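A quick write-up on the structure given underneath.
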Amino acid sequence: MAAFHEQAVYQVYPKSFRDSNGDGVGDLRGVTEKLDYIRALGVDYIWLTPFFPSPQRDNGYDVSDYCAVDPLFGTMADMEELLREAKARGIGLMLDMVFNHTSTAHEWFQRALAGEKRFQDYYFFRDGAPDAPPTNWQSKFGGSAWAYAPEVGKWYLHLFDVTQADLNWENPAVREELKNVIRFWQGKGVRAFRFDVVNLISKPDVWQDDLIGDGRRFYTDGPRVHEHIQELVRDTGLTEAVTVGEMSSTSLAHCVRYTKPENKELSMSFSFHHLKVDYKDGDKWQLQPPDLGQLRQLFEAWQTGMAREGGWNALFWCNHDQPRVVSRLGDDRRYWKESAKMLAMCLHLMRGTPYIYQGEELGMSNAYFDALEDYRDVESVNYYHILASSGLSHEDVMARLQARSRDNSRTPMQWNAEPGAGFSDAEPWIPLGHGRMEANAETEAQDPLSILSFYRRLISLRKARPVISEGDIRFLYPDAQDVIAYQRGLGKETLLVACNFAAEEKTLSLPDAFTKASALLDSYEQAPEIDGTRLRLKPYEGAALLLVQ
Ligand code: GLC
């Protein structure tokens with residue numbers, strides 16, 4: 001079985017992790033400083049979000065040079081030191097390859113604008129009158145997906161920000177350039193890669209308006225996407241590497257293909273359906289309480305579907321684009337610890353490789369910013385204006401940002417309870433979150449019952465118990481409201497996991513054999529209450545029982 005089945009990945013967003021040089025912005029040396037903290041968690045890889053030279057319009061996802069380090073984050077020597085020091089602690093670095101688009105500040109795009117035909121073919125430049133974009137597609141950050149470049153009298157495609165121009169993967173020269181980027185980092189010793197929105201790289205041959213949507217159905221899991229990934233992987237020898245693809249609006253069938261080992265594409269995939277259950281009508285900016293029935297169904301479909309077809313999931317609740325899960329699906333006030341631990345175990349005991357986003361292991365909550373000036377993210381700022389001009393009140397729009405802004409996860413990492421949270425001695429580039437300060441590494445490292453200690457336990461359990469990394473999975477209690485429960489099985493071991501997502505008690509009747517099971521883990525840090533065959537779950541309690549036969 002593949003090693004990554006029992007491994008775990010820790011995601012670092014360097015800008016908000018630790019500022020080592022007092023300029024208010026986190027940096028690579030800050031990550032190196034904190035390697036012992038990361039090692040103590042027991043993870044195998046650090047996924048480092050982009051630190052490459054970039055105008056920072058989209059916090060580094062607008063790359064202007066893939067083979068260098070932005071001075072904001074340090075130097076190449078700092079990067080090499082980080083790689084060395086991580087390796088010495090048995091941790092690999094996973095680099096973030098943003099290959100769907102480059103920044104418009106990239107040399108390739110600049111040369112395209114200067115009229116070099118060769119580089120225009122690196123992107124999607126299309127003729128058209130300045131007031132008539134080639135299609136009606138919408139950018140994922142709001143507005144048209146096309147921008148007019150007066151320098152060349154053409155439109156170019158940008159599925160994200162106007163400064164993120166989509167690369168033309170149909171051009172073999174582009175594919176070679178990108179392979180060389182992988183080879184460059186392999187030369188530095190990097191063996192793991194994350195591929196940003198990689199299922200959007202293959203655009204259709206015909207450009208047409210989308211009469212029923214924003215255009216995504218034409219380029220999501222596009223016509224040659226599997227071919228392109230296979231070629232990239234084959235030509236750079238990535239078959240032995242640990243790779244993960246971020247898949248936007250994808251399908252289960254495609255994720256099976258992306259991750260089935262015999263297809264020689266990727267080790268695993270991120271999909272997002274489970275993080276849209278609180279979107280009304282699928283729209284991120286329309287709030288609704290999470291639909292837990294739907295969440296349960298989605299987990300069941302993806303967990304059992306990937307298992308049946310031989311695919312592999314990346315498991316995650318949080319990343320740098322998502323609100324904090326304890327605020328979103330837990331209760332960060334009354335049941336802070338209990339719900340944070342329940343959410344962690346619900347995810348970590350499933351089939352797949354877990355990813356932990358910095359601060360999640362501390363139970364950090366949403367930012368709760370109440371001033372527009374506190375927001376930094378280009379998407380949040382764009383949508384503030386889009387929503388406000390659609391007639392919503394300032395208060396209403398601010399409430400939506402509080403719930404949905406990507407800045408919720410980008411507030412400085414809380415190392416201690418001091419005024420700057422141990423992130424920086426200077427004014428941080430983004431304000432500290434207004435959530436609870438007990439969620440900090442210093443306090444939690446000393447407490448065996450902290451959320452941090454619970455995450456450490458979960459990670460070591462996965463390595464110790466093959467039933468977690470390799471067991472099959474079956475979902476239970478389809479009719480129990482607000483409960484997600486499943487059973488894992490391998491050889492003589494059966495693990496039952498039951499998670500209560502509500503602030504009230506729930507009672508489940510256990511399969512007979514389980515009356516003899518032993519308690520493995522509980523988000524209340526006490527044995528779950530079992531009365532005959534009835535398992536009584538307290539508010540936000542997660543319980544795991546192990547049966548060895
Ligand atoms: C991915 C990244 C996100 C970025 C986008 C465009 O979704 O995670 O942060 O804005 O791609 O690169």
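The values are calculated or read from the model by the stated rules, or taken from the named source; none is laboratory data. As the structure is a computational prediction, the values presented were derived from the model and not from experiment. Cβ atoms come from the backbone with ideal geometry, glycine included; neighbour counts cover every protein chain shown. Protein only, heavy atoms only, side chains kept; ligands, DNA and RNA dropped before computing areas. Shrake-Rupley method; radii C 1.70, N 1.55, O 1.52, S 1.80 Å.
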Item to check | Flagged links, alpha-carbon separation over 28 Å, of LYS284/LYS341; LYS34/LYS463; LYS179/LYS276 | outcome: LYS179/LYS276
Item to check | Rough spin-label spacing in nm, given labels placed 7 Å along Cα→Cβ, for GLN297 and MET1 | outcome: 3.1
Next on the checklist: What distance in nm lies between label points placed 7 Å from Cα along the C-beta direction at SER518 and ASP235?
Outcome noted: 5.4
Item to check | Cα gyration tensor shape for region 107-165, rounded if a/c is under 1.5, else prolate or oblate | outcome: oblate
Item to check | Selection from MET79, LEU252, PRO172 lying farthest towards where the dipole of the chain points positive, charges on Cβ | outcome: LEU252
Checklist outcome for this item: Env charge @ GLY90, Cβ radius under 9 Å, K,R +1 / D,E -1, value +2
Checklist entry - Per-residue HN-Hα couplings for region 375-383, Karplus 6.51 cos²θ - 1.76 cosθ + 1.60 at θ = phi - 60°, whole Hz, x for Gly and Pro? => result 7, 10, 5, 4, 5, 4, 5, 4, 5
Item to check | Debye intensity ratio I(q)/I(0), log10, region 350-402, q values 0.14 Å⁻¹ (C-alpha model) | outcome: -0.51
Checklist outcome for this item: Longest principal axis of the chain (C-alpha) makes with the long axis of helix 76-88 (C-alpha) an angle, in degrees to the nearest 10, of 20
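Starting from the Cα gyration tensor of region 324-481, take the square roots of the eigenvalues, sort them a ≥ b ≥ c, and report rounded, prolate or oblate (rounded when a/c is under 1.5, otherwise prolate if a/b is larger than b/c, else oblate). Write out the running numbers ahead of the final one.
On the way: a/c = 2.40, a/b = 1.44, b/c = 1.67.
The shape class here is oblate.
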Checklist entry - Each label point is 7 Å from the Cα along the Cα-to-Cβ direction; what then is the distance between the points at ASN171 and ALA129, in nm? => result 2.8
Next on the checklist: Report the Cα centroid-to-centroid distance between region 141-162 and region 486-503 in angstrom, as an integer.
Outcome noted: 49
Next on the checklist: Keeping all protein chains in the complex and leaving out DNA, RNA and ligands, what accessible area do you get for ARG536 with a 1.4 Å probe, in Å² to the nearest 10?
Outcome noted: 60
Checklist entry - With θ set to phi - 60° and the Karplus curve 6.51 cos²θ - 1.76 cosθ + 1.60, what are the ³J(HN,Hα) couplings of region 262-271 in order, to the nearest whole Hz, using x for Gly and Pro? => result 5, 7, 6, 10, 10, 6, 6, 9, 8, 10
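So for the chain: antiparallel DSSP bridges make up what percent, rounded to the nearest 5? Write down the numbers at each step before the final one.
On the way: 44 of 69 bridges.
Around 65 percent of the beta bridges assigned by DSSP in the chain are antiparallel ones.
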Checklist entry - Dipole magnitude of region 471-548 about its Cα centre, charges +1 at Lys/Arg Cβ and -1 at Asp/Glu Cβ only, in debye to the nearest 20? => result 260
Checklist outcome for this item: Rounded to the nearest 10 degrees, the helix 451-464 long axis (Cα) sits at an angle to the longest Cα principal axis of the chain of 90
Checklist entry - What size of dipole, in debye to the nearest 20, comes out for the chain about its Cα centre when the only charges are +1 on Lys and Arg C-beta atoms and -1 on Asp and Glu C-beta atoms? => result 1540
Item to check | Residues listed by number, region 29-61, amide nitrogen under 16 Å from GLU80 label point at 7 Å toward C-beta | outcome: 29
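Length gain on complete extension for the stretch LYS463 to GLU427, per 0.36 nm per residue less the alpha carbon to alpha carbon distance?
That works out to 8.9 nm of additional length.
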Checklist entry - How much net charge surrounds ALA441 when only the other residues with a Cβ under 9 Å from the Cβ of ALA441 are counted, with Lys and Arg +1 and Asp and Glu -1? => result -2
Checklist entry - Of PRO14, PRO466, PRO428, which is farthest on the positive side of the dipole of the chain, counting Cα position, with +1 on Lys and Arg Cβ, -1 on Asp and Glu Cβ, and the Cα centre as origin? => result PRO466
Checklist entry - Rounded to the nearest 0.05, what FRET efficiency is calculated for LEU449 and ALA527 with R0 set to 22 Å and r the Cβ-Cβ distance? => result 0.90
Next on the checklist: Quick check: residue separation of LEU287 and GLN481 times 0.36 nm, minus the Cα distance between them. What number comes out in nm?
Outcome noted: 67.8 nm
Checklist outcome for this item: Answer in debye to the nearest 20: the dipole magnitude of region 107-165 about its Cα centre, from +1 Lys/Arg and -1 Asp/Glu charges placed on Cβ, is 120
